[in-house]
Each structure stands twice: as C-alpha cells, then as structure tokens.
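Read the structure below first, then the notes.
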Amino acid sequence: MPSYEIRDKVFFITGGAQGLGKEIAKGVLARGSKVFFVDILKDKGEETLQELAHIFGPKNVAFVQDHYHYIIIIIIIITSILLLIIIIIIIIIIIIIIIIIIIIIIIIIIIIIIIIIIIIIIIIIIIIIIIINIMIIFAVIQGSQVASLHMRKDKGGKGGRIIAMSSQAGLDYYYQMPVYNACKHGIRVYSKASSRNPANEAMGLEFASFHPDGSDAGIFPRMYEAPGLIGADALFETYRGELVPVESVVEAFIDLVTLEKMNGADLYVGKNKNTFIEFQKLELGNSFPQK
Ligand SMILES: NC(=O)c1ccc[n+]([C@@H]2O[C@H](COP(=O)([O-])OP(=O)(O)OC[C@H]3O[C@@H](n4cnc5c(N)ncnc54)[C@H](O)[C@@H]3O)[C@@H](O)[C@H]2O)c1
C-alpha cells in the first residue's frame, strides 16, 4: 500500500519531452499529480505539452525549454576550436620542419599528416563523448541542488523528493563504455551521499536513485532505428526479448516515489523483477587475489 500521497503533488521532470521522462509524466498525471517538465528540445516539448494537456487538462501540466544545452554546445565549440588550433599548429610545424629537412619524402609526410589528423579527429570525438557524459552528471547534480534549494522547508519550501535517473547497465562495468559507467555510478553515489545528510529531516528532503534496465521506450528503440548507427544491431540483439516494458518502468517509479520512507533507496528495475540494491565495501585483506 502506498503511504506517500502523490495526488496533487507537483512532479518536476527533466527531459520529459520524450522517452521515459514523458512516460513517467503520464504515469503520475494519471494518478492525479501535476507535472512541470523541461527539455532542451523545444518543438518536441511543446508537442508533448499539447498531448498531455489534451489528456490530463492544461492546468495540470506545464513545459519550459531548458537552455542548458547551450553550455554543452559552447564547451564543445571551445574545445573543438582549441583542438583545431592545436591541430593547425602541429600541422604547420610538422610541414615546416619536414620541408626544411627533406623535400623528397613529401609522400611520407602527407601520410604522416593524414595519420595525425585521423588521430586528432578520434581524440576530438572521444573528448566530445566524455564532455557529453560529464555534462549529464553535472546536469543531474546541478538540477538536484537547484531543486533542494527551492524545496527546503527551512528556507520556506514545502519539502519533497528527488529521484535521480541512472541505469542498470550503467551500474555494471562495461569496458566499451567506461565513461557512461563512471557517470551513472556517479549519479547514484551523489544521490546516496545526499540522502545521508543529517539535515534532510529538517529540510524535508529525501533522495533516491532509479535504475531501469533497457526499456522498449526512449533512447533504446530510437538507437535501433537510427540509420547506420554502428553497433546498434549487436546491442539490440543482446537485449532482444529482454527489454522492460515501459509500463513496468513507470509502475516501478510510482512504487518508489510512494514509499513511506524513500530516502537512500536505490531501485533496480528488471524485466521480471524489481529489487532495491545496496553497494557495500568488500575488504579483501592486504594481498590482492591473483586469480
Ligand atoms: N530508455 C532506456 O532503456 C533506459 C534504461 C535505463 C536508464 N535510462 C535512463 O533514462 C533517462 C532517459 O532516457 P530515455 O531513454 O528516456 O532518453 P530519451 O532520449 O528518449 O529522452 C531524454 C530526454 O532528455 C532531454 N535532455 C537531455 N539533456 C537534457 C538537459 N540537460 N535538460 C533537459 N532535458 C534534457 C532530451 O532532449 C530528451 O528529450 C537517461 O538518463 C537514461 O540513461 C534509459
């Protein structure tokens, strides 16, 4: 039996224009809550606003575009420009040195330059991936802090609950996506550490994190449908038949947010079962196991 009443409560959802955010919005609206969602995608957000307002009433749902992506774009542009300048300088130096020393081996120089450019392009791509992932954890942390400031009872707020979205796969250890794993672990750890603040009770704040397995809504099916996305077929093949129906994700979210005491909870959502998890430090002694 749910003990925390969500009827008439306001849910602030980041990234609610599509995917799991939108489905969770529908789930809580259907239970009498109100939703204020933000997204960096203006058109998609307005489309979703209209859809939700039509079903649940315009007074119950609001949308504002989040301009946070400009920071990401600015950082990516600055990083790319800096890297580009470095590339140009490196290329000029290499060309000058090589022209002075040996003109005859121009063909070799061209090959070297091409290799250098390829390496630098790869480095730029890796840096962009790292920046995007780090900006996501930064967005969650910053969002939680802003939300806390608005909700703190000791500063005039009404108190409330903050649920950070991570992912079951994110809490695993995949060598193919170490940055993603690092960021998703970071999100859980940030939420967990925040839940341990002894002042939470006075502030009326509770923190939890939510970890669905791959779902049949959101980024997963879109990745599969994206033309020419390298590795999408293999990834989807691994998950074939294992995807969690989005309704189960929404149900699990409602179960979490309606817990009598939610603070510190980390909920895994699987296809067949949901389970609360706890990471513990395992001491291995002073000699590292060699097998
Ligand atoms: N879909 C899944 O199978 C799955 C499984 C586990 C965890 N998750 C997690 O759930 C979350 C949502 O995933 P999804 O599949 O629904 O993705 P999605 O791409 O369908 O939706 C995410 C939305 O967030 C918006 N967004 C991105 N950055 C933003 C920002 N800084 N401010 C506001 N909005 C922003 C995007 O524009 C997009 O509309 C992610 O954190 C993802 O890692 C998803």
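The values are calculated or read from the model by the stated rules, or taken from the named source; none is laboratory data. The model shown is predicted, which means the values in this text are computed figures rather than measured ones. Glycine gets a Cβ as well: all are built from the backbone with ideal geometry, and neighbour counts include every protein chain shown.
On inspection, S191 fails the criterion of being among the polar types (S, T, N, Q) and away from the ligand (no atom under 16 Å from the Cβ). Comparison of V246, V269, V257, V250 shows that the only residue that is modelled with pLDDT of 95 or more, over 16 Å from L171 (Cβ atoms) and within 15 Å of the ligand (Cβ to nearest atom) is V250.
Restricting attention to the stretch 177-217, the residues that are farther than 30 Å from R152 by Cβ and either within 12 Å of the chain's Cα centre (by Cα) or modelled with pLDDT under 80 (or both) add up to 3. Among the residues of the stretch 17-46, those identified as closer than 20 Å to H150 by Cα and out of contact with any Ser or Thr (no Cβ under 6 Å at 6 or more places or on another chain) are S33, K34, V35, F36, F37, D39.
Beta carbons closer than 7 Å, at least 6 apart along the sequence or on distinct chains, pair a first residue in the stretch 45-58 that is over 13 Å from K26 (Cβ atoms) and without any contact (Cβ under 8 Å) to a residue 40 or more places away in the chain with a second that is outside any helix (DSSP H, G or I) and among the aromatic types (F, W, Y) for G45/F63; E46/F63. If the condition is being among the aliphatic types (A, V, I, L, M), surrounded by 13 or more Cβ atoms within 10 Å (Cβ to Cβ) and at pLDDT 75 or above, then the stretch 56-79 contributes V61, A62, I75, I76.
For the stretch 141-165, the set of residues classified as within 16 Å of the ligand (Cβ to nearest atom), without any contact (Cβ under 8 Å) to a residue 60 or more places away in the chain and in contact with a helix residue (DSSP H, G or I) (Cβ under 7 Å, 6 or more places away or on another chain) consists of I141, I162, A164, listed by residue number. If you check Q65 against the conditions, is it within 30 Å of G143 (Cβ to Cβ) and more than 22 Å from the chain's Cα centre (by Cα)? Judged against the criteria, Q65 is not a match.
Please go through the stretch 155-169 and give me each residue that is in contact with a strand residue (DSSP E or B) (Cβ under 7 Å, 6 or more places away or on another chain), within 23 Å of L243 (Cβ to Cβ) and not in a strand (DSSP E or B), ordered by number.
S166, S167, Q168
For the stretch 8-36, filtered to residues that are in contact (Cβ under 8 Å) with a residue 60 or more places away in the chain and of a type in the set (V, I, T), the residue that is farthest from K158 (Cα to Cα) is I24.
Residues that are within 30 Å of V250 (Cβ to Cβ) and not in a helix (DSSP H, G or I): does the stretch 131-154 have at least one?
yes
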